[in-house]
Structures are given as C-alpha cells and as structure tokens.
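The values are calculated or read from the model by the stated rules, or taken from the named source; none is laboratory data. Small disclaimer: the values here were computed from a predicted structure and weren't measured. Cβ: placed from backbone, ideal geometry, glycine included. Neighbour counts: every protein chain shown.
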Amino acid sequence: MRQLAWNEDVAATVAELRALTPAPAEVRAAATGIVADVRTRGDEAVREQTARLDRVWLPEDYAVPAAELRARLDALSPDLRAALETAAANIRAYHEHEAVAPWRETLAQGQVVGQEVVPLAAAGLYVPGGLADYPSSVLMTAIPAQVAGVERIVVCSPPRPGGGAAAGVAAACALLGLELLFPIGGAQAIAAMALGTACVPRCDVIVGPGNAYVTEAKRLLVGEVGIDSLAGPSEVLIIADAFGQPEWLAADLLAQAEHGSGAMACLADVGGTLAVPVAEAVARLSRELGIATDNVVIVACPGREAALALSNAFAPEHLELHCADAHELLRGVRCAGAVFVGLHAATAFADYAAGTNHVLPTGGSARFGQGLSVDAFRKRMAVVELDGPAASALAPQVAAIAEEEGLRAHALSARLRAQ
C-alpha cells in the first residue's frame, strides 16, 4: 500500500497511478500468433491452443450441450438462483431505458429524413473464467444484447481444469435462454467469434471483459468485427472526506484489489483525516481476506475541488463519492465509467445486482468511452425520402456544392431530378 502527497501537477499524479498497471510487452506478439493461427486453421487451432494454454482437450464439437446448461441451472441453490433472477430483472429494467426508437422528420425543402434502428444479427460475449466462475458477466453482457433484439448470442468462457464450462456461467446461460456456450478462452476465443469456425458462429460484435491477451486480440481484430472496448485491469477511485467510514472505505478498496492482475484502488483523502484509519483498516482486512495491497494508494487532497480535478484527469472506471453533499460533487464529474453516490453506494452493488452494467471503460478511456449498453448491439441506418418538389428544391444547392468539389456526375444526378 502506498501514500502519495498532493501534487499541484495533477497529470504527474495520474501518470504515477497509471504506472501501477503496466502491460507486459510479450502479450501483443503472443496474441498476434494465436489470432493468425485461428484465422488459418479454425477449430483445429482453437483445440490446440486450448490444450497448450489451458491443458484441456476439447472434443470435435465442443459446444456445451443444452442438457448440461439446464442441469446447471437446476443444480443452483435456491438463494443463488433467486439472486441471479433479481439481478437479471434489475439489469433488464435499466437497459430497457436505453432503447432508441426509429424516427422521421420532414425538413424545410420537403425531404423526409430519419433513422431505422436495427439489431445486429450475432453478438459474441466473452465471459472471463478459468479458475473463477462469473455468472454476473453473462447477465451483464447478454441482457443488453437481448434488449437490443440480437437474434444469435454466442458465449465463450475459459474451460475449467477438468473440462467444460464453469457451473455458474452455464446456469446463467440457461436462465437467460442462451444455447450457444463454448468452453474456450483467451485470444483464441476472441478470434473464433470474430472470424467464425466450423463450431463457433461468426459474430458481428464482441463484448465483455478479459485479460491482457483477450484485450490484445480484440485490438488486432478491430475493423473485422465490432468491439465494445479495450478494457484493462479494473480500478476504483474513491473521493472521501471526514464524512467517510474508514472500515467501509477499506472494504471498497480491497474489493477492487481483489480482482488481481493489476487492479488498482485509490482513495482521494479530502482534508487528510482518513489516511491513518483507512490504512489501518486496509492492513487488517487484507490479512483477514488474503488480498494483496500493492496497488492500493491513498492520495492526500487539500480540498474537494482538488480531488475532483484528480478524478476527472484520471477518468476512473468506478468513482465513489463518500462526501457530505455528494450529489453536489456529482455535478462536477465529467469522466467516469460509473459513479456511486453516497456512503451506501459501493461498487459491489453494481457489480452484481443494482441494475447498471459492470462492463465499463478502464485505463483512462472514460475520458471518451462509456459502459456497455444496448447501443453496442444495434446500428442506426439513415433514411432519406424525397419526392419531386423536394428534389427540385434541393437540387441547386447540391449541384453548387458538387461542382465546387469537382464532382460533375453528382451535380448531374441531382439536376436530373429537378422538375
């Protein structure tokens, strides 16, 4: 755990925080080789890479059988099933508010313009796993795709050591009615969904969090398939003043550090009253929970405006506001993947069941990016309708601009429609 003094050069503090999560140099070369292999050899490459990296040997048809999905759902404890159903209902309710409707409007010259909103045909969902089991990531990625109206949803998640998919992931797929689950992970899973194989259908968009190899494979395939984001390690920034509760703050910081693999947790200590009690609570809880604190940082901030400047420059994935008048502070937030307002609004609630999506921009990309939404699974198509009078009214303007640009056929095309 580290503590940083306030630096008027906010960019320098941001750079110091970002340096805690460096990307290994060998990742790009490894991911490039795997993607190229799947492009050339398809399922054969997927099987070989899975055997090499995961020590799991896949059968010829490695899709998880529908009967196994149903069995995993039936095997859930009543409490877990009820929790997943509550989370699914909340996530669906949230994303239904994001749906965009088609529209039309008649402009001054009489032309009708507007847009159609069309769901993508096939979406690929990457659900991380390996030794872990993340049914929540199935809900977070699949439900907005379903709300968007995607017809075919493909899920890839790393195999368990003994083969097959994680039980919770399989159960969550069955809960949502998803039938295409493949126990493959890493760069080979991204390549299979992007390029298509005999087993894995080709997808139009790939979404979901993953490790550095998953992210690099996504980067390599941008332009061949839609990509939601290039997400890195998880992160939280907490702005807190004397109003904050040290034990709660320590738990929130450790909840982020618990993600491992470069995850970063930072407390912006407004006024300097929290550093000592929070550091003591972090040390105690980290021992109890067995969580490393190498990437837990406390930054001293002289005031709320300084903390807000640090936050907007850092652009965190998760931003918690543990301050008096937190709603007022929210007015100044410009860059964050998701904001949690007030002492009780811990990131953990939205990670699972509050309703908002937990697939969020990381690594400072909240400066321009946003969380996973229905928009990732739909495309807008512009529509233009012109009758004779509208064409006549617009033709002189179109021709004038086209001739200025030296595009004579464009000008002719417009003039021929003028009455």
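Search region 123-138 for residues being of a type outside the set (Ser, Thr, Tyr) and surrounded by fewer than 24 Cβ atoms within 10 Å (Cβ to Cβ), and hand back the single one that is farthest from ASP54 (Cα to Cα). Can you show your working first?
Step one: of region 123-138, the residues of a type outside the set (Ser, Thr, Tyr) are 123-125, 127-133, 135, 138.
When the remaining residues are screened for being surrounded by fewer than 24 Cβ atoms within 10 Å (Cβ to Cβ), the result is 128-133.
Numbers: PRO128: 13, GLY129: 11, GLY130: 8, LEU131: 10, ALA132: 13, ASP133: 15 Å.
Across region 123-138, the extreme among qualifying residues is ASP133.
Which of (1) crowded, with 19+ Cβ neighbours inside 10 Å; (2) closer than 30 Å to VAL27 by Cα; (3) modelled with pLDDT of 95 or more does GLU320 not meet, given it meets every other one?
The single condition GLU320 does not satisfy is (2).
Do you know which of the residues in region 306-338 that are free of Cβ contacts under 8 Å to residues at least 12 places away in the same chain and in a helix (DSSP H, G or I) is nearest to ALA231 (Cα to Cα)?
Here is the first cut: in region 306-338, the residues free of Cβ contacts under 8 Å to residues at least 12 places away in the same chain are 325, 328, 330-331.
Next cut, in a helix (DSSP H, G or I) only: 328, 330.
Numbers: GLU328: 29, LEU330: 24 Å.
My answer is LEU330.
Please tell me if ASN7 is in the same structural domain as GLY130 (by TED's automatic domain parsing), within 30 Å of LEU237 (Cα to Cα) and touching a Ser or Thr at 6+ places or on another chain (Cβ under 9 Å). Spell out how you get there, then give the answer.
Working: in the same structural domain as GLY130 (by TED's automatic domain parsing): no; within 30 Å of LEU237 (Cα to Cα): yes; touching a Ser or Thr at 6+ places or on another chain (Cβ under 9 Å): yes.
No; evaluated as a whole, the condition is false for this residue.
Within region 392-410, work out how many residues are in contact (Cβ under 8 Å) with a residue 12 or more places away in the chain and among the small types (Gly, Ala, Ser). Outline the logic, then answer.
As a first pass, look at region 392-410 and keep what is in contact (Cβ under 8 Å) with a residue 12 or more places away in the chain: 392-396, 398-399, 402, 410.
Filter again for among the small types (Gly, Ala, Ser), leaving 392-393, 395, 399, 402.
Of the residues in that region, 5 qualify.
Of ALA265, ALA283, ALA257, ALA251, which residue is more than 16 Å from THR21 (Cβ to Cβ), surrounded by 15 or more Cβ atoms within 10 Å (Cβ to Cβ) and of a type outside the set (Ser, Thr, Tyr)? It would help to see each step written out before you state the result.
Values: ALA265 fails: more than 16 Å from THR21 (Cβ to Cβ); ALA283 fails: surrounded by 15 or more Cβ atoms within 10 Å (Cβ to Cβ); ALA257 fails: more than 16 Å from THR21 (Cβ to Cβ).
The unique qualifying residue is ALA251.
Could you grab me the full set of residues in region 293-317 that are over 25 Å from the mean Cα position of the chain (by Cα), among the small types (Gly, Ala, Ser) and either surrounded by fewer than 17 Cβ atoms within 10 Å (Cβ to Cβ) or under 28 Å from SER261 (Cβ atoms) (or both)? Steps first, please.
Kept after step one, since they are over 25 Å from the mean Cα position of the chain (by Cα), are these residues of region 293-317: 298-307.
Next, from what is left, pick out any that are among the small types (Gly, Ala, Ser): 300, 303, 306-307.
Those that are over 25 Å from the mean Cα position of the chain (by Cα), among the small types (Gly, Ala, Ser) and either surrounded by fewer than 17 Cβ atoms within 10 Å (Cβ to Cβ) or under 28 Å from SER261 (Cβ atoms) (or both): ALA300, GLY303, ALA307.
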